[in-house]
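Enquirer: Take this structure first; my questions come after.
The values are calculated or read from the model by the stated rules, or taken from the named source; none is laboratory data. Quick caveat, the model's predicted, so the values are computed rather than measured. Cβ: placed from backbone, ideal geometry, glycine included. Neighbour counts: every protein chain shown. For accessibility, only protein heavy atoms count, side chains too; no ligands or nucleic acids. Shrake-Rupley method; radii C 1.70, N 1.55, O 1.52, S 1.80 Å.
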Amino acid sequence: MPHADSAYVPQGLSKPQFWEHVHSQLAALLEGQRSWVVNLANTSALIYNALLAYEPHFGSGDRAVNWCGFYIQSALFPKPKTFVKETAQTTAPGFRHLLLGPFCGKPACQLINIEPGRAKGVCADAFISRQTLLVPDVEAYPGHIACDGETKSEVVCPLIVRLSDHETMTVGVLDLDCLVLSGFSEEDKVALEKIATLVANACDW
Ligand code: SME
């Protein structure tokens, strides 16, 4: 099957069937590939395009998902020193940031502070708490970072990698934005958490 067809959504799927379909398409895309750049790029493209094609719940009009992508710990990027030079606040000792990773949608903010006491925004909060945050109204969320003024709601899942029976590592977050209030449901949250676990553990970090 051509790779682009992974994001094709058959007609008439219920929400559980839709997510089951996306999960199986993702598993096929991740097979035999361990690069996080490749896997996160294809995962964001799959989710974004599948949601836009799923008319009953998202679709491409007023209810559209307008951003889907990843923010990853800066230390995991190949050349973190480049970013240190370019951004004054990253030169402080012990800096910790998330950097923009693969995504679909309009250009977004590049750097999110996750340093204790300076962290701000939904992505930082989800990363630090290691909990998914479902935000029905971004304007009501204290510290929300508005990359796109049209975004009304958001969901952010932490990417948690299982290192051993006793050890896990949070490498970043999966972030989705929507043009309507309460764009994502509890059911979507659970399905996206499954995707976050699947892709995080399918990559070498
Ligand atoms: N809204 C996010 C920032 C990332 S953009 O939505 C792509 C936040 O508050 O962390």
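Enquirer: Measure off, as a whole percent, the carbon and sulfur share of the 1.4 Å-probe accessible area of the chain, all protein chains present.
Expert: So the carbon and sulfur contribution to the accessible surface is 55 percent.
Enquirer: Give me the angle, in degrees from 0 to 90, between the Cα long axis of helix 186-200 and the longest principal axis of the Cα atoms of the chain, rounded to the nearest 10.
Expert: Its long axis makes an angle of about 60 degrees.
Enquirer: May I ask for the distance between the Cα centers of the stretch 38-77 and the stretch 110-188, given as a whole number of Å?
Expert: One Cα centre to the other: 14 Å.
Enquirer: With a sphere of radius 11 Å drawn around the Cβ of V156, what net charge do the other residues whose Cβ falls strictly inside it have (Lys, Arg +1; Asp, Glu -1)?
Expert: On the way: positive: K189; negative: D125, E154, D175, D177, E193.
Taking every Cβ under 11 Å from that of V156, the sum is -4.
Enquirer: Let me ask another. Among 8-14, 28-34, how do they line up by average Cβ neighbours within 10 Å per residue, starting with the highest?
Expert: In descending order of packing, they fall as 28-34, 8-14.
Enquirer: How would you rank 181-194, 123-136, highest first, on the average number of other Cβ atoms within 10 Å across their residues?
Expert: 123-136, 181-194
Enquirer: Moving to a separate point now. With every protein chain left in place, what is the accessible area per residue of the chain in square angstrom, probe 1.4 Å?
Expert: On a per-residue basis, 50 Å².
Enquirer: Under 14 Å from the Cβ of G69, count the other residues' Cβ atoms, weight Lys and Arg +1, Asp and Glu -1, and hand me the total.
Expert: -3
Enquirer: Output the peptides 43-50, 16-23 sorted from most to least packed, where packing is the average of other Cβ atoms within 10 Å over each peptide's residues.
Expert: 43-50, 16-23
Enquirer: Check Y8: other-chain or 5+ apart residues with amide H under 5 Å from its amide H, H built from backbone geometry?
Expert: The answer is none.
Enquirer: Subtract the Cα-Cα distance of E31 and R130 from 0.36 nm times their separation in residues, and report this length gain in nm to one decimal.
Expert: 33.0 nm
Enquirer: I want the local charge near G105. Using Cβ-Cβ distances under 9 Å, sum +1 for each Lys or Arg and -1 for each Asp or Glu among the other residues.
Expert: Details: positive: K106; negative: D148, D177.
Residues close to G105 contribute a combined charge of -1.
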